[in-house]
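Trainee: Submitted below is the structure of interest, expressed as structure tokens.
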Amino acid sequence: MITLIGDLHGNLSAYDKIVRIHEHTLQVGDFGLSNAWNKLLYSDIDPDKHKIIGGNHDDWNWLTQGKPAHYLGRYGFTELNTAKFFFVSGGYSIDQWRRTSGFLRGDNISWYWNEEASLEEMINCLDSYKYIKPDIVISHDCPVDVSNIIGSPTNLMRVGGLPANFTSKTQELLQLMFDFHQPDRWFFGHYHKSFNKVINGCKFRCLDIEETFKLG
């Protein structure tokens, strides 16, 4: 029904090749910063057939102020080519100190304070999820239990994180959702690796960078 696309980090040429051969797609976040979204705005890629959720490496000024047509929103339940799913945008950048210090040295902005949803948005998202109890969830990040399996302690320590107790607000929100209701399938990106595991009856699948998966 639709083709899911992993993180792209601004690689518009890869994205263009994928959408030309798949009629309906959903990109799972980290599409790219302002330059990527700007190019998409002036492309002929149909926003009614090709949608994107936000990740932690997206330009949140574009997403919140410009409201590009390809962007689905912070969270919600929607349908694309008869595929019905609940989606959650956003995520935490473990390297935010590096990207903000780069900006102070004169680099372009690459970190945004609102990469994670606000508390109000998270509460409303959780309420909506509890009401809908969807069969399919698509998010950029994943619940804490899954992150503890797939996450890289080495990467966390490299940027000053403590693997034993690290979580983000987004991961905790997704965990609350999962604790309340286990969907049949849950798809996400963010971790730059392919991953499949059944946890409490839910089939979790992580898409690697530029990886595609046909959701039928």
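The values are calculated or read from the model by the stated rules, or taken from the named source; none is laboratory data. Everything quoted here is computed from the prediction, not taken from an experiment. With ideal geometry, Cβ positions are generated from the backbone for all residues, glycine too; neighbour counts draw on all protein chains shown.
Trainee: Yes or no: the stretch 31-43 includes at least one residue that is surrounded by 22 or more Cβ atoms within 10 Å (Cβ to Cβ) and at positive phi.
Mentor: Yes, because at least one residue in the stretch 31-43 is surrounded by 22 or more Cβ atoms within 10 Å (Cβ to Cβ) and at positive phi.
Trainee: Scan the stretch 163-172 and give yes if some residue there is in contact with a Pro (Cβ under 9 Å, 6 or more places away or on another chain) and modelled with pLDDT of 95 or more, otherwise no.
Mentor: Checked against the condition, which is being in contact with a Pro (Cβ under 9 Å, 6 or more places away or on another chain) and modelled with pLDDT of 95 or more, the stretch 163-172 yields at least one hit.
Okay, residues lined up against (1) in contact (Cβ under 8 Å) with a residue 60 or more places away in the chain; (2) of a type outside the set (A, V, I, L, M, F, W, C); (3) not in a loop (DSSP other than H, G, I, E, B):
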{"position": "112", "(1), (2), (3)": "no, yes, no"}
{"position": "124", "(1), (2), (3)": "no, yes, yes"}
{"position": "127", "(1), (2), (3)": "no, yes, yes"}
{"position": "163", "(1), (2), (3)": "no, yes, no"}
{"position": "175", "(1), (2), (3)": "no, yes, yes"}
{"position": "187", "(1), (2), (3)": "yes, no, yes"}
{"position": "190", "(1), (2), (3)": "yes, yes, no"}
{"position": "196", "(1), (2), (3)": "no, yes, yes"}
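Trainee: Next question, about the same structure. If residue 44 satisfies all but one of (1) charged (D, E, K, R); (2) part of a loop (DSSP other than H, G, I, E, B); (3) closer than 23 Å to residue 155 by Cβ, what's the number of the condition it fails?
Mentor: Going through (1) charged (D, E, K, R); (2) part of a loop (DSSP other than H, G, I, E, B); (3) closer than 23 Å to residue 155 by Cβ one by one, residue 44 breaks only (3).
Trainee: Kindly indicate which of 101, 110 is surrounded by 15 or more Cβ atoms within 10 Å (Cβ to Cβ), modelled with pLDDT under 95 and among the small types (Gly, Ala, Ser).
Mentor: Of 101, 110, the one residue that is surrounded by 15 or more Cβ atoms within 10 Å (Cβ to Cβ), modelled with pLDDT under 95 and among the small types (Gly, Ala, Ser) is 110.
Trainee: Please go through the stretch 64-102 and pick out each residue that is in a helix (DSSP H, G or I) and touching a residue at least 24 places away in the same chain (Cβ under 8 Å).
Mentor: Across the stretch 64-102, the qualifying residues are 64, 66, 97, 98.
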